[in-house]
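The values are calculated or read from the model by the stated rules, or taken from the named source; none is laboratory data. Keep in mind the model is a prediction, meaning the values are calculated, not measured. Here the Cβ is made from the backbone with ideal geometry for all residues, glycine too, and neighbour counts use every protein chain on show. For accessibility, only protein heavy atoms count, side chains too; no ligands or nucleic acids. Shrake-Rupley method; radii C 1.70, N 1.55, O 1.52, S 1.80 Å.
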Amino acid sequence: MDLINGNDIAAAIIAELKQEVAALPGRKPCIALVRVGEDPASVSYVRKKEKTAAEIGVTSRILLPPISITQDELCQLIDELNADPTVDGILVQSPLPKHIDDLAIFRRVAPEKDVDGFHTLNLGKVAQEDETGFVSCTPAGIMELLARSQVDLKGRHVVVLGRSLIVGKPVALLALQKKAGANGTVTICHSATTNLSAITRLADVLIAAIGRPEFVTADMVKPGAVVIDVGINRVPDATKKTGYRLTGDVAFASVAPLCSLITPVPGGVGPMTVAMLMKNTVKAHRLSRR
Ligand code: NDP
């Protein structure tokens, strides 16, 4: 079994972007990071995005509206960022408070600044294999991890556990694309799937994105499979300073010995999400200059 080291692969992408940004004449790419309220996970995600942007030479503008912000006020804030020619990309950190319609907010972001890739138009471009759009960061990161680990999906059975708009559906569409590295035969499973383990056992490549700690156990995995664990779950753990430990959707200790390749949690898909966000921001800047 070999580990796919997301930290190393993300660091390589960040180094490439740093070089690209250093060579850009004039105004550097700029990302607006909008964080509503003080959700601790969101605070840490936005901090990480800000830090990575600084490392690359991407300017970040942090907007911290209070949790009491209304839908209309948040739309107005996004409209202002959409209209600002010095902002290339806009990221609205999830989760949003319950009183906010998050899909409406994701659709409010101008498609050409939608570096998170959540806008209907950008998701549609993934389905149409139109590369002028933005692919959402986690699915793009998974494809990049596979490509840089020399995993070609052509002719292989890819099973995706989870059908969310943010991970499951777009990664299934990407694996299915008729292009080099993809061309997988894709099955998507969800909470209404019956005989789940019989399906996952057929996977040459298993992508787990369901948000349930250590859900995928050794009996669900075909020996020699490539396993990509997208899950980031906080499990209470009194021995940790934070009071919790991070675990994926895969029972790593028992599954890893079976696999040809597997991503750890943390240090697998997670770092790739931030790297791909920066890649999208640099792309948005490049496209806006045309
Ligand atoms: P969602 O909760 O939006 O979707 C979960 C999906 O899993 C749903 O499609 C759901 O099915 C399915 N599911 C839930 N329980 C089961 C079950 N028992 N059997 C089969 N399918 C099941 O989650 P996300 O896609 O947003 O995130 C998934 C995980 O990935 C989370 O742990 C999240 O923290 C992590 N994540 C990690 C990122 C990273 O950067 N590494 C980025 C984004 C997410 P149904 O549709 O039927 O309800």
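Points to keep in mind about this one:
- Residue pairs meeting the criteria (Cβ under 7 Å; at least 6 apart or on separate chains; first within 12 Å of the ligand (Cβ to nearest atom), in region 178-194; second open to solvent by 70 Å² or more (accessible area, probe 1.4 Å) and assigned to a loop (DSSP other than H, G, I, E, B)): ILE188/ARG163; HIS190/ARG163
- Only one of VAL167, VAL205, VAL230, VAL235 that is of a type in the set (A, V, I, L, M, F, W, C), within 16 Å of the ligand (Cβ to nearest atom), free of Cβ contacts under 8 Å to residues at least 60 places away in the same chain and on the phi < 0 side of the Ramachandran plot: VAL235
- Just one residue in the set ALA140, ALA127, ALA104, ALA110 is under 18 Å from the mean Cα position of the chain (by Cα), away from the ligand (no atom under 16 Å from the Cβ) and either on the phi < 0 side of the Ramachandran plot or touching a residue at least 12 places away in the same chain (Cβ under 8 Å) (or both); that residue is ALA127.
- For VAL21, the criteria (1) modelled with pLDDT of 95 or more; (2) open to solvent by 20 Å² or more (accessible area, probe 1.4 Å); (3) among the hydrophobic types (A, V, I, L, M, F, W, C); (4) over 20 Å from the mean Cα position of the chain (by Cα) hold in every case but one, which is (2).
- The residues of region 222-260 that are of a type in the set (Val, Ile, Thr), within 21 Å of ALA172 (Cα to Cα) and not in a strand (DSSP E or B), listed by number, are VAL230, ILE232.
- Here CYS30, CYS75 are screened, and the one residue that is of a type in the set (A, V, I, L, M, F, W, C), out of contact with any helix residue (DSSP H, G or I) (no Cβ under 7 Å at 6 or more places or on another chain) and farther than 30 Å from SER260 by Cβ is CYS30.
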